[in-house]
Amino acid sequence: MKSIVLSALVCVATGFGANAQMSHGHGHGADGTGHDEMRMPGLRGENATPEESQELAILFRNFTTLERTVENLPNGIRTVTLSSDPAVMEVLVSHVVGMIDRVERQDDPKIIIQSPTLDIFFDRAETISNTIEVTDEGIVVTQTSDDPEVVAALQLHAQEVSAMASQGMHAVHMMMMQRSGN
């Protein structure tokens with residue numbers, strides 16, 4: 001059911017921290033996981049590697065280089081994401097491929113700021129068919145399912161990722177506030 005098509009070699013993204021745009025950090029939160037855009041502690045996870053957290057930090061710090069389109073399909077989504085920065089694009093491809101692989105293995109990274117919409121993906125991974133293609137257009141991901149609840153979650157998560165691609169960490173803060181009722 002699952003197929004992954006890669007038309008380009010996917011390299012593990014390391015060492016791009018110097019290319020990341022730095023923002024002035026400020027922190028709060030007694031447990032050390034508060035708002036801190038310099039260190040971004042919320043990108044760490046109970047089951048995430050330091051490299052995965054670093055990839056997320058690079059993507060959030062460089063969200064202004066991202067361009068994304070989403071097409072809702074009757075049974076899923078088709079997304080196209082591109083970065084104007086080749087180093088960020090490499091990190092993006094590594095992150096997307098890595099996360100889809102994690103879902104297929106039902107290996108939840110449990111990132112602190114992770115959206116609850118991902119829970120159903122890890123619970124019902126066997127119901128999702130994935131195709132990934134890296135083209136001149138960007139990284140093209142098609143995800144489909146026969147499970148209507150999974151389809152709804154795929155479409156909602158695609159909206160969440162699009163908000164993060166256009167607004168960076170601000171979108172995460174807004175989603176977390178909405179979920180908490182603030």
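Were the residues from residue 101 through residue 176 laid out at 0.36 nm apart, the gain over their Cα-Cα distance would be 24.5 nm.
For a modelled paramagnetic label at residue 112, 7 Å from Cα along Cα-to-Cβ, the residues of segment 152-182 in reach, with backbone nitrogen under 19 Å, are 168-180. In the context of the full set of protein chains, segment 91-168 has a per residue accessible area of 41 Å² (1.4 Å probe). Extension gain, residue 75 to residue 156: 0.36 nm times the residue separation minus the Cα-Cα distance gives 27.9 nm.
The values are calculated or read from the model by the stated rules, or taken from the named source; none is laboratory data. Only a predicted model underlies this, so the values are computations on that prediction, with no experimental measurement involved. Note that we place each Cβ from the backbone using ideal geometry, even for glycine, and neighbour counts take in every protein chain shown. Side chains are part of the model used for accessible areas, which takes the heavy atoms of the whole protein and leaves out ligands, DNA and RNA. Shrake-Rupley method; radii C 1.70, N 1.55, O 1.52, S 1.80 Å.
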